[in-house]
1. Normalise the Debye intensity by I(0) for the range 479-544, one equal point scatterer per Cα, no solvent, then take log10 at q = 0.16, 0.20, 0.23, 0.24 Å⁻¹ and round to two decimals.
2. Can you work out the PRE-style zone for residue 512? Point 7 Å along Cα to Cβ, and I want the residues of the range 464-506 with backbone N under 16 Å.
3. Sorting 451, 329 on the 10 Å Cβ count, fewest up front, what's the list?
4. For the chain, what Kirkwood radius comes out of the mean inverse Cα-Cα distance, in Å?
5. Could you pull out the chymotrypsin sites (Phe, Trp or Tyr not before Pro) across the range 350-415 that fall in loop regions by DSSP (anything but H, G, I, E, B) with no more than 15 other Cβ atoms inside 10 Å?
6. Test of understanding: extend the Cα→C-beta vector of residue 371 to 7 Å, then name every residue of the range 307-332 with backbone N under 17 Å from that spot.
7. Grab the other residues whose beta carbon is less than 15 angstrom from that of residue 588, score K and R as +1, D and E as -1, and report the net.
8. Given the Cα-Cα distance of residue 295 and residue 78 and 0.36 nm per residue of separation, how much length would full extension add, in nm?
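Each value in this text was obtained by applying a stated rule to the coordinates, not by laboratory testing. Computed from a predicted model, the values in this text were never measured in an experiment. Glycine also receives a Cβ, built like all others from the backbone with ideal geometry; neighbour counts cover every protein chain displayed.
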Amino acid sequence: MGDWALRNLIKGGFRGEIYPVNPNYDELQGHRCYKSLSELPAVPELAIFAVGDQRIEAALDEAIALGVPAAVVHSTAVLDDDEPPLLKARLQEKIQAAGMLVCGTNGMGFYNIRDHVWGCGFDSAMHEGPGSVSLISHSGAGMSGLLDCEQRLRFNFAVSTGNEISVSMDQYLDFVLDLPETCAVGLFIETARNPEGLRAAFEKARQRRIPIVAIKVGKTERSARLTVSHTGAMAGDDAAFEALFDRYGVTRVADMDQLATTLISFAELHPVAAGGLVTLHDSGGERQLIIDLADDLGVPLTELQPATMAELAKVLDPELPAVNPLDSWSRGGPDYEERTTRALTILLQDEGAALGAAILNRAPEGKVYPMYMNYVQRAKAESGKPVALVSAHQGSGYDELAVTATHAGIPVLDGVAQFLKGVAALFTYRDFLLRDTSQPVAINTDAVRKWQSRLQEQATLDEQAALKMLRDFGLPASRTLAIASVEALAEVSEFPVALKTAAGIAHKSDVNGVILNIATTGELWAAYEQISAKLGPEVIVAPMAAAGVEMILGATKDPQFGPVVVIGFGGVLAETLHDVTFALPPFDAAHARYCLDRLRLRPLLDGVRGKPAADIDAFCALASQFSVMVAALRDELLEVDINPVIVHAAGGGCTIVDALVVGGLAPAVGGRHAGDPSPAVGGRHAGDSKT
C-alpha cells in the first residue's frame with residue numbers, strides 16, 4: 001500500500017513536495033526517504049498512512065504533535081486484543097481534539113483528480129482531469145469499481161469515505177458541489193452519519209440543479225423496533241431514504257450498472273427539454289421490445305406529428321411504417337447510410353422529441369461500426385438535440401470509439417433496459433426541477449402547544465382523543481360518542497352508525513370489535529350486547545361516513561431523519577398490498593399529489609366500473625395539513641395511523657373515521673406486527689503543497 005500511495009501521487013501529477021517516510025530505505029521512486037515524520041524538512045499538509053493497525057496510533061500521535069492538518073488512514077482501526085476505549089474511539093477523540101481532517105479509517109482514500117492529489121494506496125488506472133462527475137462512496141469497491149473500470153465516465157473527484165472518523169459523506173458532497181466542473185454526483189450510501197448535513201447538501205444540489213444518483217444499500221424491513229400501527233409496519237428502515245431522495249430529486253438506482261449508465265446519461269445528455277424519447281432500430285423485434293421495456297419503466301415514447309411521419313415516409317422503404325420507435329432496415333442498398341441518417345434526424349426534429357437513440361448491435365468483437373457514429377453525429381448536429389448510441393445487450397465488448405464518442409457528448413451505452421433507466425432518470429429530474437415548490441399550509445400554534453403537553457403526559461391516545469387531536473389541527477375527523485352503559489345508548493338519535501369497542505385495542509377489527517351500518521335503535525342495542533359481552537362495556541358510536549375510496553395516512557419516526565409520512569390505499573389494502581409512498585414533512589398539496597400519482601392503484605381514484613371519481617384535491621390538501629401537524633409534533637409523535645380516510649366523490653371531501661396515535665415518549669410495544677424484540681436504536685482546493 002505504501003508503494004502504491006507513492007506511485008499514485010506521482011501518477012496523478014502532484015505538484016508539491018513528496019516525502020516518503022520509511023526507516024528501511026534511503027530513497028523510494030526517486031524521492032529521498034526519511035526515517036520518521038519528525039525528520040521532515042517541513043510540516044506536510046497531508047499525511048497518507050499505509051501502516052497496520054498496531055502502528056497507526058503512534059504514527060497519528062506523531063503527525064498531530066507536528067501539526068499536520070490532514071491525513072488519510074487506510075487501516076481498519078481494529079485490534080484483536082484491544083481494550084476499551086477501543087482504537088477507533090481513541091483515534092477519533094485525538095483527531096477531533098487536534099482539529100485534523102481525516103479520510104477514513106477503513107477506506108481506500110481519495111482522488112482529487114482536478115487538483116492532482118491522489119491520496120490512495122491501491123492500484124489505479126490513469127485519469128485525465130478534470131472530469132465532470134464526482135463519486136462519493138462508503139464502499140471502497142463501490143468507488144474503484146467505477147473510477148478505475150469505466151472509462152466512459154470522467155471524474156473530477158472520488159472518495160472512499162470508510163468509517164468517516166472525521167469527515168462524513170455530506171461534507172464531501174458539499175465540497176464537490178462547489179467544484180466548477182461538477183455536473184453530476186454519484187453516491188454509494190450505507191448510512192447517514194450526519195442526517196441534517198446530508199439534507200442540507202441535497203438542498204444545495206437542488207438549488208444548483210446538479211443531479212445526484214445514489215445506491216442505498218440495506219433496504220430491509222425494520223428489525224430494530226417493534227411497531228403498533230400499520231404505518232410503522234409498512235415504513236421499514238428504507239422509508240426515510242425513499243422520502244429523502246424524493247424530496248430533493250435524488251435518482252435512486254439498484255446496482256452498479258445502473259449507477260454507471262445513469263451517471264453517463266447525466267454527464268453527457270443532461271439537461272433534456274420537454275418531450276419524450278425517439279429511437280431508431282434495424283430490427284422489428286427489437287423495436288417492439290423497447291416499447292414493452294419503456295412502458296415498464298415509465299419512459300414516454302414520442303407520438304410523432306403527422307408532418308414528421310410524412311417526411312419519414314419519403315426516406316423509408318415503402319413496407320416500413322413511419323412510427324416511433326422506428327425500424328429503418330428492410331432492403332439496404334448503397335444509399336442506406338444516408339437514408340438512415342436522415343431518418344434519425346427527422347425523428348429528433350419532431351417537436352415532441354426530447355432526446356433520441358440509435359439502438360443498434362455492435363460489430364463482431366464488440367466494435368462500434370463507424371457508420372453508426374456517422375448516424376448519431378450528423379443527427380445531433382442537424383437537430384441540436386442529445387442522442388446516444390445504444391447496444392441491444394450488456395457485455396458487448398470494448399472499443400476505443402465507445403469511449404471517445406462518449407467523451408464527445410454522444411454516449412455509447414450497453415443494454416436497452418439500462419439505457420432506459422438512465423432516460424427515465426433524465427426525464428424524472430427534468431420534471432422534478434419544474435415541480436411546484438409552494439409552501440404548505442400554516443399551523444395552529446395553540447393546537448401545537450396543547451397536544452405537545454398532552455402527548456408528554458399520555459403516550460398513547462385512545463381513538464376519541466386521537467380524533468379530537470386531528471380535529472384541532474383542522475383535519476376532517478369524525479365526531480364520536482363515548483358509551484359506557486346500555487342506558488347511554490339512548491343518546492344516539494341519528495343513524496346509520498358504527499359501534500366500536502373502546503377497550504384500548506389497536507386493531508379492533510382483528511377481534512370483531514367493530515360493527516358497521518347499524519340502522520335502528522334495536523340493531524344498536526343488539527350490537528352493544530354483542531361487543532360488551534366480549535370486550536367490555538366501553539364503546540364508541542360514530543356516524544357512518546358516506547361511501548368512497550379508503551386511503552391511509554400515517555407517520556412514523558425514523559431514528560436518523562425524524563418523522564416520515566406514509567400515503568397510500570387503506571382498509572384491508574393497507575395490510576395486503578402495501579401500496580404506499582413516503583414523504584418528509586411538511587409538504588404541500590402538490591407534493592402529496594405527486595406521491596399519490598405513483599401508487600399502483602391510483603386509477604381507482606378516477607372511478608372504475610361506474611363509480612364516481614374521488615375528491616383527489618381534498619385528499620391532497622388533507623395530506624399536506626397532516627404533514628404540517630406531524631412536523632410540528634416531531635418530538636412527541638412516535639406513530640400515527642389514520643386508516644381509513646374515506647375519500648368521497650369529487651366535491652365531497654374526506655372523512656377520517658379511525659385513528660391511532662402513539663406518543664414519541666412511549667416505549668415500543670409489540671403488537672401483531674412485532675418483529676425481533678430489540679429496542680430502537682435510534683474548503684480549499686489543493687495546489688502546490690506538501691505530502
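1. The computed values of log10 I(q)/I(0) come out as -0.42, -0.68, -0.91, -1.00.
2. 499-501
3. Details: 451 25, 329 18.
Fewest-to-most Cβ neighbours within 10 Å comes out as 329, 451.
4. Over the chain, the inverse of the mean reciprocal pair distance is 29.1 Å.
5. On the way: sites: 372, 375, 398; in loops: 398.
Passing sites in the range 350-415 are 398.
6. 316-317, 327-332
7. -1
8. 73.2 nm
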